[in-house]
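Trainee: Sending over a structure as structure tokens; questions will come in a sec.
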Amino acid sequence: MRDIKLCALAAVLVLFFSCVKDTLTFPEKVVDDGSKEPIDVIAKPTDVKVYGDYENRFTFKWPVLSNKIEKVKISYTDGTEEKEVIISDFSGDFLISTSLVGEFEFKISSIATDGRETGTVTKKATNKGLYINDIIQFTDAKANGFNVILDWTNPLEREIEVSIIYESSTGQKVEKIQSSEEKGEFSFNGKYGNSVELQMKDSFGNMTSKTFNYGLTSVNLTSAAQKAGWSAAVSSNQSGDGGGAPALIDGAADTFWHSPWSGTILPWPHHATITLDNVRDLGGFILSLRHNNGSGAPRDIDFQTSTDGTNFVTRESFLNTSTTNAAVISFDLATPVETKYVRLVFKTSINNLAYMSLGEISLTERVLEIH
């Protein structure tokens, strides 16, 4: 008989704990009014989902609620302020916006139709700041030729307004782009300014901005690698002395070009024509005199360019006074020029010689850099 009673007690205990596990109701915190029935607030308290979102917000998603529940109370601390909200409409998600960003703790309790209030369930979640701040943080600027290219990513494809403020050939310009596309891009000519401001505005009216600095810098194209794809031609050449026209752009210090000094000696001017691999923005040129004999250096020089490789126009004239062996002399253009074809016309000799020699011709290119 004693064994039968123990078995019955064990069965009751198993049944009791199974029921507790299945119902998972909020604990009551009020004095019992005589009713033994607990308040079935939510099928499972853990089913209340709280998600941190952008714009300092939290989203509350409700499970199926008991018809005995009239309201849900949410209490939390925002900075130094204690806050409490009462929700009675559970047909959709509920949003809470906070003044701070970070992890928040929410205490949730329910109020029954008869006024009784349950104990609390605590939920923790971390919200985020402005969505556009994340977008603009990863906005990138790069240079392609003289174009500044701005690109950004909008992974949530939210509606944003992008304003780009930059300098053009006619002054300051403002371009506005309204888009919800995942990726965006804008480019402009960077030769006329040194900074661009990118502003973003979201549908809530929040704004943020980021500034990129850029500018033109000079690069001396002196090596064979930098001159890859170039070709050179000269007005005349002394056979067997030096390396001819190719020596002018081979990047080697010990090669040179020499105009004829025997046989038929052509009068001044002499010239060398350089055809580049593509159009470049040039700010000057560099002459390297013959490494072992600078006496054949030219004195008066015209810098010419062409649009077709045939008809050349003088852009600027220069004077050289050096005959030092292996001297490297730089000449800056007062007005940079974009061209693929360059001709240097050597008009006179420093030493009144009928011929000339030269080690290397290099060019100075202006390129755009993002700082």
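Trainee: For residues that are more than 51 Å from the chain's Cα centre (by Cα) and of a type in the set (S, T, Y), scanning just segment 245-266, find the one that is farthest from R343 (Cα to Cα).
Mentor: Selected residue: S262.
Trainee: OK, next. Let me spell it out: the conditions are (1) closer than 16 Å to I132 by Cβ; (2) touching a strand residue (DSSP E or B) at 6+ places or on another chain (Cβ under 6 Å), and S203 meets all of them except one. Which number is the exception?
Mentor: (2)
Trainee: Could I ask something else about it? Please find, within segment 218-244, the residue that is farthest from the chain's Cα centre (by Cα) out of those that are surrounded by fewer than 18 Cβ atoms within 10 Å (Cβ to Cβ) and not in a loop (DSSP other than H, G, I, E, B).
Mentor: A233
Trainee: Restricting attention to segment 113-138, and to residues there that are buried (at least 18 other Cβ atoms within 10 Å of the Cβ) and over 24 Å from T98 (Cβ atoms), which single residue is nearest to the chain's Cα centre (by Cα)?
Mentor: The qualifying residue nearest to the chain's Cα centre (by Cα) is T118.
Trainee: I've got another one for you. What number goes with the only condition from (1) buried (at least 18 other Cβ atoms within 10 Å of the Cβ); (2) in contact with a Pro (Cβ under 7 Å, 6 or more places away or on another chain) that E182 does not pass?
Mentor: (1)
Trainee: Here are the criteria: (1) out of contact with any Phe, Trp or Tyr (no Cβ under 6 Å at 6 or more places or on another chain); (2) over 20 Å from N325 (Cβ atoms); (3) not in a loop (DSSP other than H, G, I, E, B). Tell me which single one S295 does not satisfy.
Mentor: Only one criterion in (1) out of contact with any Phe, Trp or Tyr (no Cβ under 6 Å at 6 or more places or on another chain); (2) over 20 Å from N325 (Cβ atoms); (3) not in a loop (DSSP other than H, G, I, E, B) is unmet by S295, namely (2).
Trainee: Collect the residues in segment 337-360 that are more than 37 Å from the chain's Cα centre (by Cα), among the hydrophobic types (A, V, I, L, M, F, W, C) and under 17 Å from Q304 (Cα atoms), keeping them in residue-number order.
Mentor: Across segment 337-360, the qualifying residues are L344, V345, F346.
Trainee: Here's a follow-up. Look through segment 275-332, keep the residues that are farther than 26 Å from G190 by Cα and among the basic types (K, R), and return whichever of them is farthest from the chain's Cα centre (by Cα).
Mentor: Once the filter is applied, the top-ranked residue is R299.
Trainee: Can you tell me which of K142, K83 is surrounded by fewer than 18 Cβ atoms within 10 Å (Cβ to Cβ), in a strand (DSSP E or B) and without any contact (Cβ under 8 Å) to a residue 24 or more places away in the chain?
Mentor: The conditions single out K83.
Trainee: While we're on this one: When the residues of segment 182-206 are narrowed to those that are part of a strand (DSSP E or B) and more than 20 Å from P155 (Cβ to Cβ), which ends up farthest from the chain's Cα centre (by Cα)?
Mentor: Step by step, filter segment 182-206, then rank; the result is N189.
Trainee: For segment 159-172, how many residues are loosely packed, with under 15 Cβ neighbours inside 10 Å and either closer than 22 Å to M207 by Cα or touching a strand residue (DSSP E or B) at 6+ places or on another chain (Cβ under 6 Å) (or both)?
Mentor: Residues that pass the stated criteria total 2.
Trainee: Looking only at residues that are β-branched (V, I, T) and loosely packed, with under 15 Cβ neighbours inside 10 Å in segment 283-319, which one is nearest to S235 (Cα to Cα)?
Mentor: Among those residues, the one meeting the criterion is T310.
Trainee: Being outside the structural domain of R158 (by TED's automatic domain parsing), modelled with pLDDT under 95 and closer than 30 Å to I132 by Cα narrows it down to one of S66, S91, so name that one.
Mentor: Just one listed residue meets the conditions, S91.
Trainee: Something else now. Kindly provide the set of residues from segment 152-181 that are farther than 23 Å from T217 by Cα, in a strand (DSSP E or B) and not hydroxyl-bearing (S, T, Y), ordered by number.
Mentor: W152, I160, E161, V162, I164, K173, V174, E175, K176, I177, Q178
Trainee: Would you check which residues across segment 86-96 are in contact (Cβ under 8 Å) with a residue 12 or more places away in the chain and out of contact with any Lys or Arg (no Cβ under 6 Å at 6 or more places or on another chain) and list them?
Mentor: Once the filter is applied, which keeps residues that are in contact (Cβ under 8 Å) with a residue 12 or more places away in the chain and out of contact with any Lys or Arg (no Cβ under 6 Å at 6 or more places or on another chain), segment 86-96 yields I87, F90, F94, I96.
The values are calculated or read from the model by the stated rules, or taken from the named source; none is laboratory data. Keep in mind that what you see is a predicted model, and the values were worked out from it rather than measured. For neighbour counting, all protein chains shown are included, and Cβ atoms are generated from backbone atoms with ideal geometry for every residue, glycine included.
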